[in-house]
Amino acid sequence: MNKEIKSILKERILVLDGAMGTMIQEYKLSEADFRGELFKEHPKSLKGNLDILSLTQPKVIEAIHRKYLEVGADIIETNTFSSTVIAQADYGLQGHVWDLNVASASIARKVCDEFNALTPDKPRFVAGSIGPTNQTASLSPNVNDPGFRA
């Protein structure tokens, strides 16, 4: 853990941002918005792939991070909840996982740095976010073969 975070935690509670997905829904983005120019010709639907917005709609992700920091969040999470090879395979974008993670971390860092420059006495931090995959290791996806694992 960052030494600076440890010393701050001795003085006060740090506030983590909220749900990225809920905030993204407020933008009512279309399939074309999710695709952007980068994935305009991609063969699969991308609507609902919230992580891809770090590449196709970075201003939306920036704005959401900014909103959380404006209301007092100390730590913002990267927009990488599903930025894994397993999760991105549903969209045929497993080859873009590195780019998703780098872009998401860069956006979060940029916005935190902006706020840190304005009020250096109240540092903000970036935390990587990773959610569960859409594959289960403990249950068989095939009811006729309980021992099978994807």
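What FRET efficiency would be calculated for the residue pair residue 89, residue 22, taking the C-beta separation as r and a Förster radius of 30 Å, to the nearest 0.05?
Using R0 = 30 Å, I get an efficiency of 0.75.
Once both axes come from the Cα atoms, what is the angle between helix 58-70 and the longest principal axis of the chain, in degrees from 0 to 90, rounded to 10?
40 degrees
Pull up all non-local amide H partners of residue 127: gap of 5 or more, or a different chain, and H-to-H distance under 5 Å with H placed in the peptide plane.
Those lying under 5 Å, H to H, from residue 127 are 76, 77, 78.
Give the carbon-plus-sulfur fraction of the accessible surface of the chain in %, rounded to a whole number; probe 1.4 Å, heavy atoms of protein chains only.
Exposed carbon and sulfur together represent 59 percent of the surface.
Residue by residue, what Karplus-based ³J(HN,Hα) values in Hz, rounded to whole numbers, does region 38-55 have, using 6.51, -1.76 and 1.60 with θ = phi - 60° and x for Gly and Pro?
Here the 3J(HN,Hα) series is 4, 10, 3, 9, 4, x, 10, 5, 10, 4, x, 7, 4, 5, 5, 5, 5, 9 Hz.
Enter the Cα centre distance for the pair region 56-110 and region 4-19, rounded to the nearest angstrom.
21 Å
Where is the GNM fluctuation largest for the chain (alpha-carbon springs, 10 angstrom cutoff): 121, 74, 17?
121
Output wanted: per-residue J couplings in Hz (rounded whole) for region 26-35, from phi through Karplus 6.51 cos²θ - 1.76 cosθ + 1.60, θ = phi - 60°, x for Gly and Pro.
For region 26-35, the Karplus-derived couplings read 4, 7, 6, 6, 8, 4, 4, 5, 5, 6 Hz, x marking Gly and Pro.
How much accessible area per residue does the chain have, counting only protein heavy atoms and a probe of 1.4 Å, in square angstrom?
I get 59 Å² per residue for this part.
Through the Karplus equation 6.51 cos²θ - 1.76 cosθ + 1.60, θ set to phi - 60°, convert the phi angles of region 81-93 into ³J(HN,Hα) values in whole Hz; use x for Gly and Pro.
Once rounded to whole Hz, the list reads 3, 10, 8, 10, 4, 5, 5, 6, 4, 4, 9, x, 10.
So what is the calculated 222 nm ellipticity per residue for the chain, using -39500 (n - 2.57) for each DSSP H run with n of 4 or more, over all residues, to the nearest 500 deg cm²/dmol?
-11500 deg cm²/dmol
Given H placed on each backbone N at 1.01 Å, which residues far from residue 93 in sequence or on other chains put an amide H within less than 5 Å of it?
Long-range HN contacts for residue 93: none found.
So between residue 15 and residue 119, what do we pick up on full extension, going 0.36 nm a residue minus the alpha carbon distance?
Extending this stretch completely gives an extra 35.8 nm.
Where does each of 3-12, 33-42, 85-94, 105-114 land if you order them by average Cβ count within 10 Å, highest first?
Going from most to least packed, we get 105-114, 85-94, 33-42, 3-12.
Roughly how tilted is helix 97-118, in degrees to the nearest 10 and between 0 and 90, from the longest Cα axis of the chain?
20 degrees
Taking the simple approach of a point 7 Å from Cα along Cα-to-Cβ for both residue 66 and residue 106, what is their distance in nm?
1.9 nm
The values are calculated or read from the model by the stated rules, or taken from the named source; none is laboratory data. Predicted model, so just to flag it, every value in this text is computed and none were measured. Cβ atoms come from the backbone with ideal geometry, glycine included; neighbour counts cover every protein chain shown. Keep in mind that these areas ignore ligands, DNA and RNA; they rest on the heavy atoms of the full protein, side chains included. Shrake-Rupley method; radii C 1.70, N 1.55, O 1.52, S 1.80 Å.
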